[in-house]
Amino acid sequence: MADIRIKGRMVNAIRISLDTNDHDAIRQQLSPKLQAAFPPGTLAVIESSVEQELIALIQLLIDLDIQPMAVTEGLLGEQARAIQFPVLPPDRQLEEIKATKEQVVEVKPEPAADNAQVAPIVAHVTSYHDEILRTGQCIVQHNGDIIINAGINSGSEVIASGNIHVYGSARGRVIAGVGGNTAARIFCHSLEAELISIAGTYCVADDIPPHVVKKSVHIYLNDQQELVFEALQF
């Protein structure tokens, strides 16, 4: 038996893009966003359009319960290499567009006992998009689900913390369960995707089971955290 095995798995990480090196401003603006959408210990890739003191920035993010894992190539690259911190190539540039409309449902907490801290109101958002998602475009929903009423082209991307429904041909990258939501599911009218991912477990086009290609499919994780492709019968 081999002593080393390599498994395909995407790392659940967020990307933090900075246009300021004022650490007080970063803390003030970033802290509420992180608390609202991401659990403690979330991995982060850092990119910056201005010069930064990298070590101090890493410590700031750690203080905010975020675990920096790398920087993108650019202004921070030289400092990162000097301390043997990972440097990643920049992502392909996608235009993040707004969904046609959104529905927000506020989930109110149960009444707190005396002297107990009141839990914050949680908002679940469903994004609806009525047009084909074109090559080079992406839609992102970090607080809920995405429903695409048309298809998505090759070179496009749909990213959600919850479920994703594509009522058309899914030819791009479909990424559900961002942030570790293993209960997330993907539904496609016609599965032709470049990549499918739920909570970091992924499958590229060449590995999608042939019997579900161009079929209506329900995709979810089983108890072993493996992707299951289930053809839908109508």
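The values are calculated or read from the model by the stated rules, or taken from the named source; none is laboratory data. Remember, predicted model here, so these are calculated numbers, not experimental data. Cβ: placed from backbone, ideal geometry, glycine included. Neighbour counts: every protein chain shown. Only protein heavy atoms, including side chains, enter the accessible area calculation; ligands, DNA and RNA are left aside. Shrake-Rupley method; radii C 1.70, N 1.55, O 1.52, S 1.80 Å.
Odds and ends about this structure:
- Residue count for segment 24-39, restricted to those that are modelled with pLDDT of 90 or more and open to solvent by 50 Å² or more (accessible area, probe 1.4 Å): 4
- Being more than 21 Å from the chain's Cα centre (by Cα) and modelled with pLDDT under 90 is a condition met by at least one residue of segment 121-138.
- Where a residue in segment 75-95 is farther than 19 Å from GLU51 by Cβ and its partner, wherever it lies, is in a helix (DSSP H, G or I) and not aliphatic (A, V, I, L, M), with Cβ under 9 Å and at least six apart: none
- The condition (being open to solvent by 20 Å² or more (accessible area, probe 1.4 Å) and modelled with pLDDT of 95 or more) is satisfied by just one residue among HIS211, HIS165: HIS165.
- Residue check for GLN117: open to solvent by 50 Å² or more (accessible area, probe 1.4 Å), at pLDDT below 80, over 22 Å from the mean Cα position of the chain (by Cα) and not aliphatic (A, V, I, L, M): yes
- The residue that is nearest to ILE147 (Cα to Cα), counting only those in segment 64-100 that are out of contact with any Ser or Thr (no Cβ under 8 Å at 6 or more places or on another chain), in a strand (DSSP E or B) and open to solvent by 80 Å² or more (accessible area, probe 1.4 Å), is GLU96.
- Of everything listed in (1) open to solvent by 20 Å² or more (accessible area, probe 1.4 Å); (2) farther than 22 Å from SER216 by Cα; (3) at pLDDT 90 or above, the single unmet condition for HIS142 is (3).
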